[in-house]
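Peer 1: Sharing a structure, written as structure tokens. Questions coming.
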Amino acid sequence: MTISEVSKKCNVSADTLRYYEKAGLISFINRTPGGVRNYTEQDCKQIEFIKCMRSAGLSIEVLRKYFELFKRGKRTLKARRDLLANERENLQVRFKELQDTIRRLDYKISVYDKALKSKDKELKF
């Protein structure tokens, strides 16, 4: 598949795909004799994994480390597992913070709703 096909399929810009490749997140991409990138289904799976991990907040550096470990094979299983477990813990902390923020927003919205229903439209913190 060409970069534009993969871009559409994975909903990622071609520039992002090139960046992931340059950053070492995407394994060696095959090229046609004319030099055009030729992505495989396995490359697409790797891109989807990267997208998922990036949306969870993993940094490029953490992903780079993960893929470096992955390339070393089975002897790095524990290190990869520990890296992902650590990132999961970080995500759970952020999730709790987001839940707290949502509760605060819900409270403030309810205060505004009450103020809008009443004649006293002046709010205090």
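Peer 1: Just Tyr19, Tyr39, Tyr112 to compare: in a GNM of the chain, with alpha carbon springs under 10 Å, which one fluctuates most?
Peer 2: Per the Cα network of the chain with a 10 Å cutoff, Tyr112 tops the list.
Peer 1: Counting helices only, and only those DSSP H runs with n ≥ 4, report the 222 nm mean residue ellipticity of the chain as the sum of -39,500 (n - 2.57) divided by its residues, in deg cm²/dmol to the nearest 500.
Peer 2: It lands at -23000 deg cm²/dmol.
Peer 1: Sorted by mean Cβ packing within 10 Å, highest first, what order do the peptides 98-111, 71-84 take?
Peer 2: Going from most to least packed, we get 71-84, 98-111.
Peer 1: Then there is this: Looking at Ile60, Thr16, Ala85, which one has the Cα that reaches farthest to the positive end of the dipole of the range 3-117 (charges on Cβ: Lys, Arg +1; Asp, Glu -1)?
Peer 2: The residue sitting farthest along the positive end of the dipole is Ala85.
Peer 1: On to the next question. With the Cα gyration tensor of the chain in hand, give its eigenvalues times 5 under a square root as the equivalent ellipsoid semi-axes, listed largest first in whole angstrom.
Peer 2: 43, 22, 9
Peer 1: Tell me the angle of helix 77-117 to the major Cα principal axis of the chain, expressed in degrees between 0 and 90 and rounded to the nearest ten.
Peer 2: 30
Peer 1: In degrees from 0 to 90, rounded to the nearest 10, what is the angle of the helix 41-55 Cα long axis to the longest principal axis of the chain?
Peer 2: 30
Where a number appears in this text, it was derived from the coordinates with a stated rule and is not lab data. This structure is a prediction, so every number in the text was calculated from the model and none was measured. Virtual Cβ from ideal backbone geometry, glycine too; neighbours counted across all protein chains shown.
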